[in-house]
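The values are calculated or read from the model by the stated rules, or taken from the named source; none is laboratory data. None of these values were measured; they are calculated from a predicted model. With ideal geometry, Cβ positions are generated from the backbone for all residues, glycine too; neighbour counts draw on all protein chains shown. Calculation scope for accessible area: heavy atoms of the full protein, side chains included, ligands and nucleic acids excluded. Shrake-Rupley method; radii C 1.70, N 1.55, O 1.52, S 1.80 Å.
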Amino acid sequence: MNVLVLNSGSSSQKSCLYEIGDTLPDDPPDCIWEGKIEWAEGKAESSIKNSRGASRKEVLPSAGSRGNAIERLLLSLWSGETHAISSPSEIDVVGHRVVHGGPQYFLPAVVTPEVKSAIESVSVFAPLHNRAELQGMEIVAKLLGPVPQIAVFDTGFHRTMPLAAKTYPGPYEWFEQGIRRYGFHGINHQYCAHRAAQLLGKDLNSLKLVTCHLGNGCSLAAIREGRSVDTTMGFTPLEGLMMGTRSGSVDPGILTYLMRQQHWSGEQLDTVLNQKSGLLGISGISSDMREILAASKNGNEPVKMARAKLALEIYIHRLRSGIGAMIAVLGGIDALVFTAGVGENSHEVRAAVCDSFAFLGLKLDSGKNAQTPMHNDQVISASDSAVRVLVIHAQEDWMIAKECWQLKRAH
């Protein structure tokens, strides 16, 4: 079965084609074709490769639309030197990562007009993501015709959170109106939980896990018996940890103060909290952890160094605090998992975080931790550590492909 996955972000588009046989493999297979577009500074940079080693990179015209760029990317699946199939009819099913399913959709669903309408209705909660994902569905329908499309929701894994974790302490009417904590990054948190159990040789139902998805967006999940019982993101992907450009949780009184005293609009608040805060807002340098770490060590520019160090210290402080809260909810911890861009590639961040949990008997193997980037998922804690620490590559696309394979087989 050929499964095409579209992972549409606010400023990027990732696509993979998986070839899956009659049984699912234990380990994630390589894509037979993958493409990526990144939009920045008025231009789109595209990169495509297939399993035969053919590759292509290009900068697309700044005047071109997002839709045209995605169409051009998908056409390379069956045409040109990077093709992996000879015809679009060879694609059996298409899966989409959908960030927000709202109160109606949690489980993977075949895309119908009703499902698209529901996704559109909650676009206000994640406008940059949901609308990009809807556009991807329209493009697939245009290029591939009646191929089955399946929506896999990032909020789905967190549907098991108890009411006490998902309900905000405002008027109960909020909850009845759908204002509740949904949680995000669920596709990868779920994958990491299963992968951690596999690497540890343990039954997932016996484990208490804290998974740390640390990329440009950051979230934690407390996972007991394979189920999410708490997470740091909430009604939107803005709540929780400090992130690349997002503030994470702040005192809501700050917002009402800015609205009353400085007459800020909702749009201004939204822009600042989502695009001008976090690592970028504090450092004034970048949202990229690699640049923050480099600047924090640059004694030739003391002002930049001080700002970068402060950004890093806030990031680590909030991460430690969040992990501590997740451990308290679980009533203990068996393993701590790091994943996504920062989690997989920053040994400095991992070491700084883990240092605070030495009182639990957590010990890193400094040699293993220093292997960055790692080529394989692995345990990086010392052999006598009471808490296991793992680094696991994010595999959202493969999780979506698995869900599509299972749903298609069931029908």
**Study point:** Candidate lysines - alpha carbon under 21 Å from LYS363, same-chain residues fewer than 8 apart omitted
**Key:** LYS202, LYS208
Review point. If you average 1/r over all unlike Cα pairs in the stretch 351-391 and invert the result, what Kirkwood radius do you get in angstrom?
Key: 10.3 Å
**Study point:** the stretch 343-361 versus the stretch 84-123: alpha-carbon centroid distance in Å
**Key:** 37 Å
Study note, to complete from the structure: The answer for the stretch 277-390, accessible area per residue at 1.4 Å probe in Å², is 47 Å²
**Study point:** Rg(Cα)/(2.2 N^0.38 Å) for the chain, N = residue count
**Key:** 0.99
Point to revise | For the chain, Cys with no neighbouring Cys Cβ under 4.7 Å | key: CYS192, CYS212, CYS218, CYS354, CYS404
Check your understanding: What's the local net charge at SER381, with K and R +1, D and E -1, over the other residues with C-beta under 10 Å away?
Key -> +1
**Study point:** Cβ-based net charge around GLY35, under 10 Å, with every Lys or Arg adding one and every Asp or Glu removing one
**Key:** +4
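Multiply the residue gap between ILE32 and VAL124 by 0.36 nm, knock off their C-alpha separation, and tell me the result in nm, one decimal place.
Full-extension gain reported as 29.6 nm.
Rounded to the nearest 0.05, what FRET efficiency do SER366 and GLU90 give with R0 = 51 Å and r taken as the Cβ-Cβ distance? Could you check?
The computed FRET efficiency comes out at 0.60.
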Point to revise | Qualifying aspartates and glutamates (Cα of each under 20 Å from Cα of LYS402; at least 8 residues distant if same chain) | key: GLU19, ASP22, ASP26, ASP27, ASP30, GLU34, GLU90, ASP92, GLU133, ASP154, ASP377
**Study point:** Residue-averaged [θ]222 nm for the chain, counting only DSSP H segments that reach four residues, each worth -39500 (n - 2.57)
**Key:** -11500 deg cm²/dmol
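Per the Kirkwood definition applied to all pairs of different Cα atoms, how many angstroms is the hydrodynamic radius of the stretch 261-411?
17.9 Å
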Review point. How about LYS43: which lysines have a C-alpha closer than 28 Å to its C-alpha, ignoring those fewer than 8 places off in the same chain?
Key: LYS14, LYS57, LYS142, LYS276
Practice item. With +1 on each Lys and Arg Cβ and -1 on each Asp and Glu Cβ, and nothing else charged, work out how big the dipole of the chain is about its Cα centre, in Debye to the nearest 20. Key: 600 debye
**Study point:** With every protein chain in place, the stretch 126-262: carbon and sulfur % of accessible area (1.4 Å)
**Key:** 55 percent
Check your understanding: What percentage of all Cα-Cα pairs in the stretch 186-341 are separated by more than 19 Å?
Key -> 59 percent
Practice item. Sticking with the crude label model, points 7 Å out along Cα→Cβ, report the distance from SER249 to ALA294 in nm, one decimal please. Key: 3.4 nm
**Study point:** In nm, spacing of pseudo-spin labels at HIS375 and VAL110 (7 Å Cα→C-beta vector)
**Key:** 4.4 nm
Revision key, fill the gap. Around TRP264 (Cβ within 13 Å, Cβ-to-Cβ, excluding TRP264; K/R +1, D/E -1) the net charge comes to 0
Check your understanding: After finding the eigenvalues of the alpha carbon gyration tensor for the stretch 2-105, what semi-axes result from the square roots of 5 times each, listed largest first in whole Å?
Key -> 23, 20, 12
Practice item. Express in nm, to one decimal, how much length is gained between LYS202 and GLU313 on full extension, taking 0.36 nm for each residue of separation and deducting their alpha carbon distance. Key: 36.5 nm
